[in-house]
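A.B. asks: Sharing a structure below in structure tokens format, with a few things to ask.
The values are calculated or read from the model by the stated rules, or taken from the named source; none is laboratory data. All values derive from a computational prediction rather than experimental measurement. Cβ placement follows ideal geometry from the backbone for every residue including glycine, while neighbour counts extend to all protein chains displayed.
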Amino acid sequence: MQTASEEGSRIADPQLDQTIEQLVNETIPDEQTGRRGELRIPFCRPLSILLDGGATIVSAFSRDISPKGIGLMHSFPLEPGEIVVQIPSRSGDPVRIRTEILWTEFLATQWYMSGGRFIEQVTCE
């Protein structure tokens, strides 16, 4: 049997590993697919939301992303409809995606969560 110091911070336990794997797999359909029905990838980044055709720019955060949409957190109510999400990219140029906000939910004092479906990439002007 290995000791905790040989394996890292805990003793190797195949049964525990299997149990944790089972718990993680059980949560994927509920926690990761949710409203979108697609696997969500954690994607926490600051971003900008462009409203009124870009006349208003507000700060927000992404929560997760999938090939078809994005989860957002923001400090203002966001009505269903089209917006542009501007995501900073490591390549230097931000990525702008026209997105349809499908739902918004009040979380706590001054915080909202929303979900959007990607429509198309738009060019930065």
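A.B. asks: Identify the single condition in (1) at pLDDT below 90; (2) assigned by TED's automatic domain parsing to the domain that holds Y112; (3) not polar (S, T, N, Q) that I28 does not satisfy, given that it satisfies every other one.
C.D. replies: (2)
A.B. asks: Of the residues S66, S75, S62, only one is modelled with pLDDT of 85 or more, in contact with a Gly (Cβ under 8 Å, 6 or more places away or on another chain) and hydroxyl-bearing (S, T, Y); which?
C.D. replies: Values: S66 fails: in contact with a Gly (Cβ under 8 Å, 6 or more places away or on another chain); S75 fails: in contact with a Gly (Cβ under 8 Å, 6 or more places away or on another chain).
From the options S66, S75, S62, the qualifying one is S62.
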